[in-house]
Amino acid sequence: MTGAHALDEQLDTVFGIADRHGVGVDIHLHDRGEKGMQAMRGIVERTRALSLAGKVTVSHVFCLPGLTDRELGMIATDLGEQDIALTTVAPSDSLVLPIARLREHGVRVGLGSDGVRDSWSPFGDADMMHRAHILGWVTDVRLDDELNECYRVATHGGADVMGLAHADFRPGAPADFVLVRGECLPQVVVDMPRRDMVVHGGVVVALDGEFLA
């Protein structure tokens, strides 16, 4: 099969598996333009028909950044209503998701690193501080509030997508944090200072930039 028939067949297969086994769906969508939007509409329709709200995530979604504000508002409304989460790696200014606009419609958006020095690319390092820096750079932000939002998406966006608790300093939060020398969050996002200490699950796993085996 080719064209729309192949697209429908693939989505029917993926969502059929999710429906039969009671699991969620995670789709990578690289198609741009109308081809990508056709896939997005198909994802929304099947999510609604199978009552999979809150269980579907679409990564990359390169078709959204080129939409008009009206078109983006329409699809963002559907995504918010069906609680379909999106993720981006902020690869470039033309392909990064319009995070702020999507969040206006209640869409959960996560930021991640695509590959960790694997056969896909030698540049992924899973360093979320670096990824927050890249997000700010490719979106050409300037203001402290904008840099703070880059930090927020990098630290909490993934948790929102996966339904996990935020790792912050409130009682009961996961004991996952890093200690750095910095004046404020915007400065940390821009300068990416060395992590003096990394704590995961309440255990110090790195100190003074060195991993503790």
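Odds and ends about this structure:
- Qualifying residues in the stretch 71-97 (those that are closer than 20 Å to Q38 by Cβ and among the acidic types (D, E)) - the one most open to solvent (accessible area, probe 1.4 Å): E81
- Residue check for T68: at pLDDT 95 or above and either out of contact with any His (no Cβ under 6 Å at 6 or more places or on another chain) or under 30 Å from H133 (Cα atoms) (or both): yes
- Inspection of the stretch 41-53 finds no residue satisfying the criterion of being in a helix (DSSP H, G or I), closer than 20 Å to S94 by Cα and open to solvent by 50 Å² or more (accessible area, probe 1.4 Å).
- Against the conditions (1) in a helix (DSSP H, G or I); (2) of a type in the set (V, I, T); (3) within 14 Å of the chain's Cα centre (by Cα), I75 satisfies every one except (3).
- Against the test of being over 23 Å from H166 (Cβ atoms) and modelled with pLDDT of 95 or more, the options V138, V116 yield a single qualifying residue, V138.
- Screening the stretch 83-97 for residues that are polar (S, T, N, Q) and in a loop (DSSP other than H, G, I, E, B) and picking the one that is farthest from M129 (Cα to Cα) gives S94.
- Helices (runs of 4 or more DSSP H) completely within the stretch 98-213 that count 2 or more residues being open to solvent by 50 Å² or more (accessible area, probe 1.4 Å): 99-104, 128-138, 144-152, 185-191
The values are calculated or read from the model by the stated rules, or taken from the named source; none is laboratory data. Quick caveat, the model's predicted, so the values are computed rather than measured. Cβ atoms come from the backbone with ideal geometry, glycine included; neighbour counts cover every protein chain shown. The protein model used for the area step is the full one, side chains on, heavy atoms only, and it has no ligands, DNA or RNA in it. Shrake-Rupley method; radii C 1.70, N 1.55, O 1.52, S 1.80 Å.
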